1. Checking the condition assigned to a helix (DSSP H, G or I) and in contact (Cβ under 8 Å) with a residue 24 or more places away in the chain, which residue from 156, 172 passes?
2. Residue by residue through the range 250-263, note down the ones that are surrounded by fewer than 20 Cβ atoms within 10 Å (Cβ to Cβ), closer than 15 Å to residue 91 by Cβ and touching a helix residue (DSSP H, G or I) at 6+ places or on another chain (Cβ under 9 Å).
3. For residue 71, indicate whether it is assigned to a helix (DSSP H, G or I), closer than 21 Å to residue 223 by Cα and in contact with a helix residue (DSSP H, G or I) (Cβ under 7 Å, 6 or more places away or on another chain).
4. What are the residues in the range 111-144 that are exposed (fewer than 10 other Cβ atoms within 10 Å of the Cβ) and in a helix (DSSP H, G or I), if any?
5. What residue, of 86, 98, is touching a residue at least 40 places away in the same chain (Cβ under 8 Å) and farther than 24 Å from residue 203 by Cβ?
6. Collect the residues in the range 220-249 that are within 22 Å of the chain's Cα centre (by Cα), farther than 15 Å from residue 80 by Cβ and surrounded by 22 or more Cβ atoms within 10 Å (Cβ to Cβ), keeping them in residue-number order.
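What follows is calculated from the coordinates using simple rules that are stated; it is not laboratory data. Given the structure is predicted, the values throughout are model-derived calculations rather than measurements. Neighbour counts run over all protein chains shown; Cβ positions are idealised from the backbone, glycine included.
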């Protein structure tokens, strides 16, 4: 039977079902995605361990066993916890400030178009500026210590929070705003009780990205203007030509990033789940 002579619905039913792609077939294999990911990581570590000194230069790439032993030694003598605590304090402090100022600035500029147009060139100029170039200025202003690190974490996290929340605020339904205004809502009520709840998915995304970028900023600040923290320990290991120490610290930083992302996803599971 020629499908062209059928009705549109019948012709649709007459067409052969599309073949399933490789990704869909792979997703139907037994086991969860986490199990497959863990297996892939384990396989990569085994290849790395067996290839160290044979396929790879052990001096530059070390091996998973020595890296794990280095992390364990640092954990036992307190070296790891001292620098980890400093980094987490700097990151959380900078992130909290970035979240407060980022959400506040997004609500303010999203609600006041005139102020938005006035400040837009300054905001985009600061956003486009590579944050690493601020390190010498922060060192000049605040000296060596936690303050320049916190400020670097704040600056890098602020823009991620601000631009995500700002996008959500600007997309608030005008009909919803008009209805609230007719019921007597003022600018502050519109911003806090209408615009902000409507932008919840963007707030969740902004906080998630802001925390990761605040962590990045804290590491950069510690590498340039601090005497403690994982960033400082990373620079110290590199200056000592200790590839094993550098890779151990990179492994710790990667693990912390994953933990931070999971923590924010859990804390914001409801807003994140509503994101489309």
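1. Values: 172 fails: assigned to a helix (DSSP H, G or I).
Matching residue, one of 156, 172: 156.
2. 253, 256, 257, 260, 261, 263
3. So residue 71 fits the description; yes.
4. The answer is 114, 121, 122, 125, 128, 133.
5. Numbers: 98 fails: farther than 24 Å from residue 203 by Cβ.
After ruling out the rest, the residue left standing is 86.
6. 221
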